[in-house]
Amino acid sequence: MGQPEQAESNSRVVVDTTTEDGPAEHETGHAPGEDVLGGDHTPPVDDEPVLPARSWRRRGDYIALTLLVVGVLAASLLVWAFSDARNTVSQTGPSQVTPLPPVTVLPPSMGEVWRAPSGATQQPVSLDSVVVTGDGGEVVGRDAVTGDVRWRYSRDWPLCTVSTAWGRVFALYRKDTNCSELTTLDAASGKRGPQRNGDAALDTRLLNEGSHVATTGETYFEVYRRDDLVRSLEYGTLRAIVNPNKQPRPGCQYGSFAVTGGKLAVVERCYAQDPSDRLTVLKPNPEKSDEPQVLSTVIIGAKGARVIAVSGNRVAVAVPGKVQVFDTDSGSLVADYPVEVTADELAGDPPGRVVPTMTSTANVYWFTGSRTVALSLVDLKPVWSMPSKGPGTTLAGRVLVPVPGALAVVDQLTGQEAGRIPVDRGGYDGPVQMATEGPIVLEQRGDTLVALR
């Protein structure tokens, strides 16, 4: 008879599991009463095979990555190739300028100190001891005394015009069929500022009203406000009419322009409905840009009129043989003044539809084509005139009027000539537009800017 079984040490626990194939026995390896859920358990192992980690070192991965990089570079190249930046050069200069001292005594003589091509400026452009020239597609800021280049900005489009307003340089470029690309530049450094796309005529000029800049044009013009160059007024034949029947007289032509603070004056030619030229004074910033606000409008009574200047509540218009002064608010005629200006001199429109003028603290100086006429700032009454080659400029409290071979030194109030400073213009005999920057006297002679001292 064998040894009795030791139930505690050799016993087995049998679990009955029933499947579709019938009952089966499995040993659990645990003694009866043992907590099979307690203790440390190893999770069941998945019977599926484990794949190796994905590697990015395969040949196909490198090919895909290369294609992606090439695609991005190609797209970037296309964007750059057709962008404005591709053909724009901006070389900035120092941000500080040294102010030139004012001149208190007129020099006995003047000679040329430097010159530069500047076909895009119709008159000298200078600001804060910097003289700006524009030619082809390039705008250059120069030291007023030496002519040395301080900064340079150029594009692959031709310049329409260059001007200044609010301490900045305005460069307007031609793109396609109009002058549409306006860029502002810091006068000292040439650093680019606000820009906008416009719709100005090819022969446009830029007029600084004080808080706005206006373009000029034969059938359409627009005004941009100071802070952000947003268009505040559009007038004439609009390309895209959003609100119809808002323009007062569409289809007219515009002969000349002048501006002052809060007012823009234009000579309109609406011969289909008017017997002669019309003078209209507009607000540069109406509530809606395409709904002009007319301050006054009046039939002038003559053809070939040119608006000369706006001052306070007066606007001066030239017609053959006289200057007419109108009230800007009512449009009523205030006075007629006889002047020596012929119908031939007023034939057609002035270049850019802006008559050549210069303004001092006392007068507006208007160049008729053969004479300088001084109009009082108080009431725009003509006070004196003299034969000349341009409107002139001021230096040391006197007016310098360009005359053949010299600069005439003239008293601002009386028009009395005190003397002449010889100037050799090297055979140039055309109109001369002038400005001063410190002791430097600037002459625009056609497509060339000349600095004298």
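Every read-out reported here was derived from the displayed coordinates using simple, explicitly stated rules and does not represent laboratory data. Note that this is a predicted model, so its numbers are computed, not measured. Every residue, glycine as well, gets a Cβ built from its backbone with ideal geometry; the counts of neighbours run over all protein chains shown.
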Cα to Cα, under 30 Å, and not fewer than 8 places away if on the same chain: which lysines meet these conditions relative to Lys175?
Lys191, Lys246, Lys263, Lys283, Lys288
Can you check what the Kirkwood hydrodynamic radius comes to for the stretch 252-307, Cα pairs only, in Å to one decimal?
11.6
Provide the FRET efficiency to the nearest 0.05 for the Leu106-Thr342 pair, computing r from the beta carbons and using R0 = 41 Å.
0.80
Compactness summary of the stretch 372-453: radius of gyration and Dmax from Cα atoms, Å, are 12.6, 39
Most exposed first by the Cβ proxy, i.e. fewest other Cβ within 10 Å, how do Glu437, Glu268, Glu287, Glu340 rank?
Glu287, Glu340, Glu437, Glu268
Debye equation applied to the C-alpha atoms of the stretch 90-452, log10 I(q)/I(0) at 0.06, 0.13 Å⁻¹:
-0.21, -1.06
The exposure ranking of Trp114, Trp366, Trp151, fewest beta-carbon neighbours within 10 Å first, is Trp114, Trp151, Trp366
Based on the Cβ-Cβ distance of Asp379 and Gln293, what FRET efficiency does E = 1/(1 + (r/R0)^6) give at R0 = 25 Å, to the nearest 0.05?
0.50
Neighbour counts of other C-beta atoms within 10 Å: give me Tyr254, Tyr365 arranged from fewest to most.
Tyr254, Tyr365
Between Lys191 and Leu67, what length in nm is gained on full extension when 0.36 nm per residue of separation is reduced by their alpha carbon distance?
40.8 nm
Rounded to the nearest whole number, the per residue volume of the convex hull around the C-alpha atoms of the stretch 284-370 in Å³ is 131
Got a sec to turn the phi values of the stretch 348-354 into Karplus ³J(HN,Hα) couplings, 6.51 cos²θ - 1.76 cosθ + 1.60 with θ = phi - 60°, whole Hz, x for Gly and Pro?
x, 10, x, x, x, 6, 9
